[in-house]
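Please read the structure below before turning to the comments.
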6 protein chains.
Amino acid sequence: MSTRPPESPASLLVVSAHAGDFVWRAGGAIALAAERGERATVVCLSYGERGESARAWREGRRLDEIKEIRRAEAENAAKALGAEVVFLDAGDYPLRETPELVDRLVRVYRDVAPSVVLTHTLADPYNGDHPAAARMALQARVLAQAIGYDAPGDPLGAPPVFCFEPHQPEMCEFRPDVLLDITSTFERKRAAMECLPAQQHMWDYYTDLARRRGVQLKRNAGPNLGLPHATMGEAYTRLYPQVTGALA
Amino acid sequence: MSTRPPESPASLLVVSAHAGDFVWRAGGAIALAAERGERATVVCLSYGERGESARAWREGRRLDEIKEIRRAEAENAAKALGAEVVFLDAGDYPLRETPELVDRLVRVYRDVAPSVVLTHTLADPYNGDHPAAARMALQARVLAQAIGYDAPGDPLGAPPVFCFEPHQPEMCEFRPDVLLDITSTFERKRAAMECLPAQQHMWDYYTDLARRRGVQLKRNAGPNLGLPHATMGEAYTRLYPQVTGALA
Amino acid sequence: MSTRPPESPASLLVVSAHAGDFVWRAGGAIALAAERGERATVVCLSYGERGESARAWREGRRLDEIKEIRRAEAENAAKALGAEVVFLDAGDYPLRETPELVDRLVRVYRDVAPSVVLTHTLADPYNGDHPAAARMALQARVLAQAIGYDAPGDPLGAPPVFCFEPHQPEMCEFRPDVLLDITSTFERKRAAMECLPAQQHMWDYYTDLARRRGVQLKRNAGPNLGLPHATMGEAYTRLYPQVTGALA
Amino acid sequence: MSTRPPESPASLLVVSAHAGDFVWRAGGAIALAAERGERATVVCLSYGERGESARAWREGRRLDEIKEIRRAEAENAAKALGAEVVFLDAGDYPLRETPELVDRLVRVYRDVAPSVVLTHTLADPYNGDHPAAARMALQARVLAQAIGYDAPGDPLGAPPVFCFEPHQPEMCEFRPDVLLDITSTFERKRAAMECLPAQQHMWDYYTDLARRRGVQLKRNAGPNLGLPHATMGEAYTRLYPQVTGALA
Amino acid sequence: MSTRPPESPASLLVVSAHAGDFVWRAGGAIALAAERGERATVVCLSYGERGESARAWREGRRLDEIKEIRRAEAENAAKALGAEVVFLDAGDYPLRETPELVDRLVRVYRDVAPSVVLTHTLADPYNGDHPAAARMALQARVLAQAIGYDAPGDPLGAPPVFCFEPHQPEMCEFRPDVLLDITSTFERKRAAMECLPAQQHMWDYYTDLARRRGVQLKRNAGPNLGLPHATMGEAYTRLYPQVTGALA
Amino acid sequence: MSTRPPESPASLLVVSAHAGDFVWRAGGAIALAAERGERATVVCLSYGERGESARAWREGRRLDEIKEIRRAEAENAAKALGAEVVFLDAGDYPLRETPELVDRLVRVYRDVAPSVVLTHTLADPYNGDHPAAARMALQARVLAQAIGYDAPGDPLGAPPVFCFEPHQPEMCEFRPDVLLDITSTFERKRAAMECLPAQQHMWDYYTDLARRRGVQLKRNAGPNLGLPHATMGEAYTRLYPQVTGALA
């Protein structure tokens, strides 16, 4: 049972605090959606220019240069995954929660009409921008549902929301509700990660993580399901009840 | 993506502490499985002869009479839903957790080879038999997975487990992870409930509950999905991560 | 043991995000207070003009019309319950938390000197205005206690705070700490609900809920207490320890 | 609103793992009930002969001597509080959960017909006997409610259950839901504590605790309530929803 | 294993919402650091002039007088403990979270380069300023770690953060992760408390608490460790994983 | 500050449900203790003969053969780590909690007099033997503390308890409280893992995990601490408050 009206096409919206987050944490899901021919849209609230560009700062780059570099990298990564990317350039460290930024997100929701939403977890003691992005993504989703909210487009339905995996999951109260099989698209995810050369140490870290989640996926699917040895996975939490016509 | 090997047929196993629990709490899911042509098996660990047969005791019935009445009612209800029913007659109030009873459940698992398992919640301060049944159902599921466990049949896979809704959900730490649309089978569920005449006050109570969960189902599915006004629902929690090939 | 000084009269304060919330969620408690001859004051932070007036928007009403309609409805409902109602017209969807709005609430606390406070839950993933209202209600209560806070009136005591039941309680971490018997005033609550014609589908929904909470109330009170079959209830959580002279 | 049928007298039942627990943790509540003329019954599942009699063991006492000493102390303490005391002599360290012991408790419930029940918390990483006692107290209460349970007496109603405060509350997930004013009976509690000479260091510890809970009680009651400076308190958690006719 | 680079000296930073908090809640830890010859810095975000100066308001003092009194008291207390104190005078009741105040804290972090941070708990239903201070202390710590954050000084390392004990710990979700032995410095803590004459009732309250936490410290250390009878303690929660070279 | 009396030597006790658990989950901690010249004792409650020997069963081995194989492997692994190993041969799948087995553990505690204890987590929905082992380890530790418990040896002190990391940590409510630097002993851990040839797929899995925990260790220690790139870690939770003389 789909939660999408028959006439409306599937559409994925990813709300990412910084320019790189969507690659490490949700690249597999994005590539899967693109492979299925669905529209996939990534919103980067900031470029991660202050908080996630340490190497560039150590190399003596200026703020505007860093933003430009990060933007180009994120565009390449999104392209590798098959997604569009929108930059709101709201600044990071801190990413400030403002009514104006939430309103811009409402307009994105109304425009994209997502059938599925991905964003950060609501807790992350290592990076305050991540929960700030998640709070705004969730608030905007609810506002976009109201016919009385003053923004163009039709009221949003109730797309399910999934939180992608943070860097230190247990410290962020992250518990995998869903293990997504990304084996078929992992090469595209790896290619997208390699579009971010300043964070090369992350390539292997997130490849290892995908393998680890893949092992758990096989364990939860059952050993006799015949999944390949090299199953790769991504983990998500689900914020609203799943609506379905069959338990499985 | 199914978690079931292609060659093995879908099969539903319901582990119920007392003879009536499966009707009120999971009747819709059982009828849906039967409608899809799947095998549906209910295990009643006891008849609920002491704890859930107050009227019969007040009428002066003897223990063996009460067990017979409850057994017949449960058989009728299972038939109305399209399920087989197995009675282990382990006694209730209290339902005692013993290695022998767990072993009998392991053998049921090995025989039924369920692709989905339903049981009680792990907390219920109003009825200790319910969590005892759930603990045994979960323990037996893990034991049945081990090739080294000494019981006939093949090792079990890793069927997902869903807990059905207790009478006072918030007091049992019950949070709906899944809202199941049972509109198409609600009439069968109502018919099954009416096989339990001693608990007539429950018929309307659980009809109201199905309507209430239906309203929430529509809310979580999105208003523009076009679900009918009279959508009926059942709520479940999911104990293991969902394994899937697509987020939805 | 009352937590109210002997000389000061009992007084109920309800802080409601939108114009209708207090009716569905706390109508019984308000009518009970009024029946006991106590002052009952409802503060509506907004009219719910954007987020809870879908029908009026679909009918093409203007913002100012909608606010007027909602205001009139809420006034009628409050009257039916025996309460005064104050409108702060702070806007909804989103209801913004501002120091100014909190300060207005502090002044209401100092004026009303409530002996009991009711408001929303602190979590509600379906409606951000509800927790925002609750946070402001709680913050203002603490500020009003400080003699050094610059507002007219005497410092507030420590009135207990109860959160009323949200629409999807389990998703809002709502656990009933208190089940209130509203049987004697349910007719007044129903009459108040009927003052809100645009949400007619809610009349039966909340009547069913009151019956459901009534069944649970009887279960928790004990079957031999002799409560009537048609006991109606409202559920609340309690945010601070109960202070008492006897356990019961 | 009382949860007790009008015809049945109030009656307090305290289920205590060891001979001394009821004094330190619930002495004030017991004395209050006795003062109100209610029956108060303490069940000591063991004498605490192995786990809570270190001094006697160091003095070289034999097991039977220690049990005798502890019994006499507990009888004196109960007398000082105005309560009856029953000893089940089930052994401690460990206190074993057995169907037979639970059955004996069911018979106590049916005999005492308590309107209020006090026992230990369900978690205590420092002493496994405490949660074992609580689990049995709760299981027996549910069994005693069933007309079909084979024991003399009438089925039990649904008396509220309060957990008294453990030695290291935060480590036992203890959160005060109720602060009981024991100022009027504190002298009796102190006298009962002094009936336990081997644990003299506890007298001041629990006097300090009563003062500390008293300070919190005043804070939660409100500063303008006029409670005396020397208010003494006991803290409890409540396991089932409070049933009431008025919020306060 | 220390988490501090060998070349950098140990340094303690305490972020306190009001002028007195650091004395009651962390005085022992501060005095211990000073005794070890470490730099200890206290930041008071406000003087507690509105919310924690009830006596002065009742005596008719003006706002500026009260701030001056509180400042002098806090300076004396800090001196008694061996710490520097910095006042940001950001106002209390409410203490407002602003980007500017967070930025000032970032600059303190960069200047002090703390190896350990102490602050309030993230929950406190009795005083909203406390969690506001904690949130800002945590946010500023993360921002100060980013080389791209525009403030003087070197990027901060990852100093561990400990939350000190609130007034009603269980209501603030406070669970002692660390029990600190302050026996050797308790006299200095008492002397610092006596620098706050307007809150004389707190002197004994926090002396009792130190004794209580000392008893628990001895219990958790083991009875055969030979700690003195009069062991005094302070309790803390730890927000990030402890990094160590040996389990102990 | 140590929690061990000066005269008594440090001693590590590991309580492991099956023969291999201690290697994957605590091998680094064991090797570190051995390197420091401390006694390290591993208790294997079972050989894991039924539940963790799938390959041997598929190869047609008999039960006694499998137990012998597993015993030899575990002895080799323990030797590689520098630990003694004790086998209680209590059976697995299920590992039954009995008073007799707990009593045997009490005697081990009294004999080993551990200053630190390691065991499984209290939750593990994938393997019921793990929490059963943890519950018995914790119960026996408390019983061994009582002078009145009838077993040889002196009463135990209060050694801290750490839970090692389960296979799917988030599903077992595992949150790293302690990150242990095992870089210096990782080679020994790897050698011990290679003593378990039937589970070769685990060698790399747990090497990857050690690297992952090492990355997190560096992140929590601070980037400027100068830890080597190839830091390896093990994660633990701590069940009782840490007792210390200095916050760090």
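Within a 10 angstrom radius of each residue's Cβ in B:167-176, how many Cβ atoms of other chains show up on average? Whole number is fine.
Average per residue, whole number: 5.
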Residues other than residue D:90 with Cβ under 13 Å of its Cβ, Lys/Arg counted +1 and Asp/Glu -1, net out at -3
For residue E:204, the accessible surface traced by a 1.4 Å probe with all protein chains present amounts, in square angstrom to the nearest 10, to 90 Å²
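Based on the alpha-carbon gyration tensor of chain C and its eigenvalue square roots a ≥ b ≥ c, which shape applies: rounded if a/c is under 1.5, prolate if not and a/b is larger than b/c, or oblate? Numbers along the way, then the final one.
Details: a/c = 1.64, a/b = 1.05, b/c = 1.56.
In terms of gyration-tensor shape, oblate.
At 0.36 nm per residue, and after removing the present C-alpha to C-alpha distance, how many nm does the segment from residue F:79 to residue F:58 gain when stretched out fully?
Numbers: separation 21, 0.36 × 21 = 7.56 nm, distance 2.81 nm.
Roughly 4.8 nm would be gained on extension.
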Quick shape check on the protein assembly as shown: root eigenvalues a ≥ b ≥ c of the Cα gyration tensor, a/c under 1.5 is rounded, otherwise prolate if a/b tops b/c, else oblate, and it reads rounded
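Report the charge-dipole magnitude of the stretch C:11-238 in Debye, nearest 20, computed about the Cα centre from +1 at each Lys and Arg Cβ and -1 at each Asp and Glu Cβ.
Details: 28 positive and 32 negative charges, 97 e Å.
Charge dipole of the stretch C:11-238: 460 debye, to the nearest 20.
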Of E:140-153, E:117-130, ordering from highest average Cβ density within 10 Å down gives E:117-130, E:140-153
Relative contact order as a percentage, the stretch D:72-199, C-alpha pairs under 8 Å and 6+ apart, gives 34 percent
Quick calc: nm separation of the 7 Å Cα→Cβ label points for residue B:65 and residue C:103 -> 7.7 nm
From most to least accessible, 1.4 Å probe, no ligand or DNA/RNA atoms counted, A:195, A:44 line up as A:195, A:44
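Out of all DSSP beta bridges in the stretch F:11-238, what portion is antiparallel? Express it as a percent rounded to 5. Walk me through the numbers before you get to the answer.
On the way: 7 of 23 bridges.
Counting only bridges with both partners in the stretch F:11-238, antiparallel ones make up about 30 percent.
Can you give the accessible area buried between chains E and F, summed over both chains, with a 1.4 Å probe, in Å² to the nearest 100? Could you put the intermediate results ahead of the total?
Values: alone 12290 and 12310 Å², together 21280 Å².
Rounded to the nearest hundred, the buried surface is 3300 Å².
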In whole percent, the fraction of accessible protein surface over the stretch E:1-145 that belongs to carbon or sulfur atoms, probe radius 1.4 Å, stands at 47 percent
In short, the stretch E:177-207 residues buried by 20 Å² or more of accessible area relative to the isolated chain (1.4 Å probe) are E:177, E:178, E:179, E:180, E:181, E:205
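Could you give the accessible area per residue of the protein assembly as shown, probe 1.4 Å, as a whole number in Å²?
Numbers: 52090 Å² over 1488 residues.
Per residue, the protein assembly as shown has an accessible area of 35 Å².
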In the F-onto-C rotation, chain F's nearest residue to the axis by C-beta, with distance in whole Å, turns out to be F:173, 9
For residue E:150, inter-copy label-point distances (7 Å, Cα→Cβ), nm, shortest first, read 3.2, 3.2, 7.5, 7.8, 8.3
Here the correct list, in nm and shortest first, of distances from residue E:111 to the same site in the other copies, label points 7 Å along Cα→Cβ, is 4.4, 4.4, 6.2, 7.3, 7.8
Output row, site residue B:187, 7 Å Cα→C-beta label point, backbone N cut-off 19 Å, window the stretch B:54-94, residues B:77-83
For the pair residue A:111 and residue D:230, the simple spin-label estimate (label points 7 Å beyond Cα toward Cβ) gives in nm 7.3 nm
Classified through the alpha carbon gyration tensor (a ≥ b ≥ c as square roots of its eigenvalues; rounded if a/c is under 1.5, else prolate when a/b is larger than b/c, else oblate), the stretch E:108-248 comes out prolate
SASA check, residue D:190, accessible area w/ 1.4 Å probe, all protein chains in place, rounded to nearest 10 Å², comes out at 50 Å²
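Is there a pair in E:79/E:189; D:218/E:67; A:79/A:189 whose C-alpha atoms are over 20 Å apart, and which pairs would that be? Spell out each step's value before the answer.
Values: E:79/E:189 11 Å; D:218/E:67 27 Å; A:79/A:189 11 Å.
Correct reply: D:218/E:67.
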Counting only protein heavy atoms and leaving out ligands, DNA and RNA, the solvent-accessible surface of residue A:135 at a 1.4 Å probe, in Å² to the nearest 10, equals 100 Å²
Residues other than residue E:199 with Cβ under 12 Å of its Cβ, Lys/Arg counted +1 and Asp/Glu -1, net out at -3
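The values are calculated or read from the model by the stated rules, or taken from the named source; none is laboratory data. Computed from a prediction, not measured in an experiment: that's the story for all the values here. Ideal geometry is used to build each Cβ from the backbone, glycine not excepted, and the neighbour counts take in all protein chains shown. For accessibility, only protein heavy atoms count, side chains too; no ligands or nucleic acids. Shrake-Rupley method; radii C 1.70, N 1.55, O 1.52, S 1.80 Å.
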